[in-house]
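Chemist: A single structure is presented below for examination.
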Amino acid sequence: MDIARRFKENPILKPSDIKPSIDGMYIECLLNPGVFRFDGDIWMLCRVAERTRQEKGSIKVPVFNAEGEIEILAFREDDPRLDASDPRVISYDGRNYLTTLSHLRLVRSSDGRVFREALSYPPVTGEGALETFGIEDCRVTLISGIYHLTYTMVSEIAVGVGYMVTTDWKEFTRKGMIFPPHNKDCAIFNSKINGKYHALHRPSSPELGGNYIWIAESPDLLHWGNHRCVAVTRPNMWDSARVGAGAAPIATPEGWLEIYHGADSNNRYCLGAILLDGNDPSKVIARSHDPIMEPAMEYEKKGFFGNVIFTNGHIVDGDIITIYYGASDEVICGAEMSVNEILKSLLN
Ligand code: MAN
């Protein structure tokens, strides 16, 4: 059952609300924000997916070069080696490219509903050989005054999890790739459990297994081990093709509550919940049978990549979780849910 109370103002941010980073590009999608509190406000670190202005007869895709500058690659539309059937990824001569290049930008709000760009704060862009196709879908976890950012590093050689830290959102210390390819959807828990840091992550195993949620532990947030699988896809259900963690798990008296996304073979993305043992989060206590939120509104069903609800950021205030999510991979929306209501749906 869909238990989300969507904002009346939805979508709260759309591509035309912010400016492209350089001339010649336009913003195709504004989506999947990491969310946190800072300086008395609610902030989102949004994924800005930009596309090159297109000309007739060709498809142009942007990439970052080794110097961190944007470079444009062009392919002829009628070239038989080109497959452009997915709006997100094209394939040319057996190699894949993204149609858009993503970076991260900060917006802030005093009420969590009306956001404005924080223009005195720098954007976070791809850097180096592992981020030539951009950076995406950042989770933000605050632990003792330090913001820990885990995001998807994308390049032609890999998709993996990058990690950086900041205290002031102006200077960032990049720590490199913490979960090697193919991996994404990494959410760090906001406190240690039995003396160790924990994180959920989503490796993909192409031959045996699939796109499953795993948990790992670490003494220092850099070195991760003791990997265990906590949630697999379920045949013939709404999460049959892939599952992945949302933002940091929420501590409740019943255990750690994680909101995750699940997609089926038609790429329809819904949200569900998993309850993990408070003392040993590799143990699953319960998991949603049905989605707790699914594409229902026009903006969730139609857009750049329709039928998608994807979250990687929320704010918790007592019983209320405010989920911020990307709808149809194109716009940013908000919705409230009750922690108790989710727990009730899980424990019944
Ligand atoms: C998938 C989609 C895209 C994303 C790439 C790389 O194809 O989720 O939106 O850009 O993976 O992460």
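The values are calculated or read from the model by the stated rules, or taken from the named source; none is laboratory data. From a predicted model like this one, the values you see are computed outputs, not experimental measurements. Cβ atoms come from the backbone with ideal geometry, glycine included; neighbour counts cover every protein chain shown. Note: accessible area is taken over every heavy atom of the protein model, side chains too, but ligands, DNA and RNA are not part of it. Shrake-Rupley method; radii C 1.70, N 1.55, O 1.52, S 1.80 Å.
Residue by residue, here is whether (1) of a type in the set (Val, Ile, Thr); (2) open to solvent by less than 40 Å² (accessible area, probe 1.4 Å); (3) over 19 Å from residue 137 (Cβ atoms) holds:
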residue	(1), (2), (3)
36	no, yes, no
41	no, yes, yes
45	no, yes, no
52	yes, yes, yes
67	no, no, yes
84	no, no, yes
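Chemist: Mind checking which residues of region 262-294 are open to solvent by 10 Å² or more (accessible area, probe 1.4 Å) and touching a helix residue (DSSP H, G or I) at 6+ places or on another chain (Cβ under 6 Å)?
Modeler: Hit for region 262-294 is 286, nothing else.
Chemist: Select, from 72, 3, 22, 59, the only residue that is without any contact (Cβ under 8 Å) to a residue 60 or more places away in the chain and not in a strand (DSSP E or B).
Modeler: Answer to the check: 22.
Chemist: For residue 161, which of the numbered conditions (1) under 20 Å from residue 35 (Cβ atoms); (2) of a type in the set (A, V, I, L, M); (3) within 16 Å of the ligand (Cβ to nearest atom); (4) open to solvent by 50 Å² or more (accessible area, probe 1.4 Å) fails to hold?
Modeler: The one condition residue 161 does not meet is (4).
Chemist: Something else: Hey, residue 155 hits all of (1) modelled with pLDDT of 95 or more; (2) out of contact with any Leu (no Cβ under 7 Å at 6 or more places or on another chain); (3) within 16 Å of the ligand (Cβ to nearest atom) but one; which does it fall short on?
Modeler: Failed condition: (2).
Chemist: Out of the strands (runs of 3 or more DSSP E) lying entirely within region 309-348, which hold 3 or more residues that are open to solvent by less than 10 Å² (accessible area, probe 1.4 Å) and not β-branched (Val, Ile, Thr)?
Modeler: Ranges flagged: 320-327, 331-338.
Chemist: Being open to solvent by 70 Å² or more (accessible area, probe 1.4 Å) and not small (Gly, Ala, Ser) is the filter; apply it to region 96-112 and report the residue that is farthest from the ligand (Cβ to nearest atom).
Modeler: The selected residue is 111.
Chemist: How many residues are more than 16 Å from the ligand (Cβ to nearest atom) and within 26 Å of residue 38 (Cβ to Cβ) when one looks only at region 125-146?
Modeler: Residues meeting the conditions: 8.
Chemist: Could I ask something else about it? What are the residues in region 309-331 that are β-branched (Val, Ile, Thr) and under 12 Å from the mean Cα position of the chain (by Cα), if any?
Modeler: Of everything in region 309-331, those that are β-branched (Val, Ile, Thr) and under 12 Å from the mean Cα position of the chain (by Cα) turn out to be 309, 311.
Chemist: Could you list all residues from region 246-274 that are among the hydrophobic types (A, V, I, L, M, F, W, C) and outside any loop (DSSP other than H, G, I, E, B)?
Modeler: 250, 251, 256, 257, 259, 263, 270, 271, 273, 274
Chemist: Being under 21 Å from residue 315 (Cβ atoms), among the charged types (D, E, K, R), touching a strand residue (DSSP E or B) at 6+ places or on another chain (Cβ under 6 Å) and within 16 Å of the ligand (Cβ to nearest atom) narrows it down to one residue among 51, 6, 47; which is it?
Modeler: Checking each option against the conditions leaves just 47.
Chemist: Looking at region 37-51 only, could you name the residues that are within 11 Å of residue 109 (Cα to Cα) and more than 13 Å from the chain's Cα centre (by Cα)?
Modeler: 37, 38, 39, 40, 41, 42, 43
Chemist: Give 207, 131, 127, 171 a once-over and let me know the one that is in contact with a strand residue (DSSP E or B) (Cβ under 9 Å, 6 or more places away or on another chain), of a type in the set (Asp, Glu) and open to solvent by 10 Å² or more (accessible area, probe 1.4 Å).
Modeler: 127
Chemist: Just for region 137-163: of the residues that are in contact (Cβ under 8 Å) with a residue 40 or more places away in the chain and either in contact with a helix residue (DSSP H, G or I) (Cβ under 8 Å, 6 or more places away or on another chain) or among the aliphatic types (A, V, I, L, M) (or both), which one is farthest from residue 220 (Cα to Cα)?
Modeler: The qualifying residue farthest from residue 220 (Cα to Cα) is 154.
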